[in-house]
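Engineer: Take this structure, written in structure tokens, and hold onto it; I'll ask about it next.
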Amino acid sequence: MNPVRVALIGTGGIAGAHLDAYSKVNEAEVVAVCDIIPEKAEVTAKNWNVKNWFIDYRKVLELPEVEAVDICTPHAVHAPIAVDALKAGKHVLVEKPMASNLKDATKMVKTAKEMGKVLFCGIISRWSPNIQQIKSFIESGALGEIYFAEFVSTRRRGIPGWGSTFIRKETAGGGVILDLGVYLVDTLLYFLNFAKPLTCSATVSDFIGKQHEAVVQGGWWWNPNEFEVEDFGSALLRFENGATAVIKVCWAAHIDTLGNSFLLGTRGGLKLTHTFEWFFDYAGYMAQANLPQTETNNNGFVQEVQFFVEAIRNGAPLPVKPEEALMVQAVLEAIYRSANLQKEVVVKVPEV
Ligand SMILES: NC(=O)c1ccc[n+]([C@@H]2O[C@H](COP(=O)([O-])OP(=O)(O)OC[C@H]3O[C@@H](n4cnc5c(N)ncnc54)[C@H](O)[C@@H]3O)[C@@H](O)[C@H]2O)c1
């Protein structure tokens, strides 16, 4: 197989993990890197032995040898690059979330369809051994029908301050809902077999991120003067199949944990702590068992690159289909809409 020649755009924090993955997959080769900050692009090219570096992604798209682009830019800069790349006939791997808003994400999915190109949103949690293990367990029928789920993600003081791209509206589009909420919403929808989300009632807030005194020893560093997004969010979601779910997520809060993630089914429940605790009835008793967890020493980024290459060369199905990433984005968008309007809203999933 000829290696898929890839250009990586955005040489910031996560780019190293992607470049490391490409170095371990023979079927792919990085032929160019690009960043609007020239020093970053140049140093990355040097460190990873990449022959070309650029500061304008449009120049990268002019290279005939580039078959695919890997977009590692801030959220609001995913869509413009992805759409231009797809229109230039390139396949696209884009970091999570698909985009910073639903309109942009819809445009990406439509353009990929029109151009007949691969569009892969790298929501890495999807193929983690833990998530795959729970999915198989659900599919065994052990839990029956899932009628309620709660998914939480807590950082007591983990506001990503590097470069400020996560905390400024212009580059990030939103805060913790887009950054970490994307994983929770994707996992929830995956476990519910992408049941149609109907309504959403949500709140978001920014009480901690704006406080100078909240930048403390032991926490991550950020500049409160630049904090323009939310650091906390919660949502109640209702689905067409009758299930409901709660999402709670924070980058910063005065608490050690927002609670446990768990699933309630008609025949069993599952608590997702550091172990998986299964609750069920057996022989007239309330029973409980810990599920041994799958080994987690896999490299999710290497798998991501392998999925991308297989989809491009052999038409293999992607672990995250573009329509699924779009439904995730529709829920994220509904969370912001509900929070802004301070009322329950209908989740609008675009037809593409
Ligand atoms: N999968 C994961 O575990 C994981 C972890 C961290 C970040 N991410 C995602 O990766 C993406 C990037 O995050 P990061 O931490 O690397 O951010 P970052 O701010 O460290 O890096 C982004 C880089 O993109 C560059 N950039 C901005 N606009 C550009 C443009 N038009 N053309 C070229 N380069 C441009 C910036 O100069 C910067 O170097 C985000 O979508 C984020 O959510 C994923």
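Engineer: Regarding Asp84, is this residue among the charged types (D, E, K, R), modelled with pLDDT of 95 or more, more than 16 Å from the chain's Cα centre (by Cα) and surrounded by fewer than 21 Cβ atoms within 10 Å (Cβ to Cβ)?
Structural biologist: yes
Yes or no, residue by residue, for (1) in a helix (DSSP H, G or I); (2) among the acidic types (Asp, Glu); (3) surrounded by 20 or more Cβ atoms within 10 Å (Cβ to Cβ); (4) under 19 Å from the mean Cα position of the chain (by Cα):
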site	(1), (2), (3), (4)
Ile159	no, no, yes, yes
Ile177	yes, no, yes, yes
Thr187	yes, no, yes, yes
Asn193	no, no, no, yes
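Engineer: List, please: which pairs have Cβ atoms under 6 Å, are six or more places apart or on different chains, and start with a residue in the range 30-48 that is farther than 16 Å from Gly163 by Cα and end with one that is of a type in the set (Gly, Ala, Ser) and near the ligand (Cβ under 9 Å from one of its atoms)?
Structural biologist: Val33/Ala41; Cys34/Ala41
Engineer: Another question, if that's okay. Looking at Ile124, Ile138, which one is within 30 Å of Thr275 (Cβ to Cβ), modelled with pLDDT of 95 or more, touching a helix residue (DSSP H, G or I) at 6+ places or on another chain (Cβ under 7 Å) and within 13 Å of the ligand (Cβ to nearest atom)? Quick ask: steps written out before the conclusion?
Structural biologist: Working: Ile138 fails: within 13 Å of the ligand (Cβ to nearest atom).
Just a single option satisfies the conditions, and that option is Ile124.
Engineer: Quick one: count up the residues across the range 115-134 that are within 18 Å of Ala88 (Cα to Cα), in contact (Cβ under 8 Å) with a residue 24 or more places away in the chain and surrounded by fewer than 19 Cβ atoms within 10 Å (Cβ to Cβ). If you could, list the steps in order and put the result at the bottom.
Structural biologist: So in the range 115-134, the residues within 18 Å of Ala88 (Cα to Cα) come out as 115-120.
So of that shortlist, the ones also in contact (Cβ under 8 Å) with a residue 24 or more places away in the chain come out as 115, 117-120.
Retained after the next criterion (residues that are surrounded by fewer than 19 Cβ atoms within 10 Å (Cβ to Cβ)): 115.
Qualifying residue count for the region: 1.
Engineer: With respect to the numbered conditions (1) of a type in the set (Val, Ile, Thr); (2) more than 24 Å from the chain's Cα centre (by Cα); (3) surrounded by 13 or more Cβ atoms within 10 Å (Cβ to Cβ), which one is the sole condition not fulfilled by Thr266?
Structural biologist: Thr266 satisfies every listed condition except (3).
Engineer: Restricting attention to the range 303-316, and to residues there that are in a helix (DSSP H, G or I) and over 22 Å from the mean Cα position of the chain (by Cα), which single residue is surrounded by the fewest Cβ atoms within 10 Å (Cβ to Cβ)?
Structural biologist: Per the criteria, the residue is Asn314.
Engineer: One residue is enough: does the range 332-342 have a residue meeting the conditions surrounded by fewer than 16 Cβ atoms within 10 Å (Cβ to Cβ) and among the basic types (Lys, Arg)? Outline the logic, then answer.
Structural biologist: Restricting attention to the range 332-342, the residues satisfying the condition of being surrounded by fewer than 16 Cβ atoms within 10 Å (Cβ to Cβ) are 340-342.
Next, only the ones that are among the basic types (Lys, Arg) stay: none.
So far as the range 332-342 goes, no, none of its residues is surrounded by fewer than 16 Cβ atoms within 10 Å (Cβ to Cβ) and among the basic types (Lys, Arg).
Engineer: What are the residues in the range 290-302 that are exposed (fewer than 12 other Cβ atoms within 10 Å of the Cβ) and either modelled with pLDDT of 95 or more or among the charged types (D, E, K, R) (or both), if any? Break it down stepwise before answering.
Structural biologist: Of the range 290-302, the ones exposed (fewer than 12 other Cβ atoms within 10 Å of the Cβ) are 290, 292, 295-297.
Asn290, Glu295 - these are the residues of the range 290-302 that are exposed (fewer than 12 other Cβ atoms within 10 Å of the Cβ) and either modelled with pLDDT of 95 or more or among the charged types (D, E, K, R) (or both).
The values are calculated or read from the model by the stated rules, or taken from the named source; none is laboratory data. Fair warning: this is a prediction, and the values are worked out from it, not measured in the lab. Every residue, glycine as well, gets a Cβ built from its backbone with ideal geometry; the counts of neighbours run over all protein chains shown.
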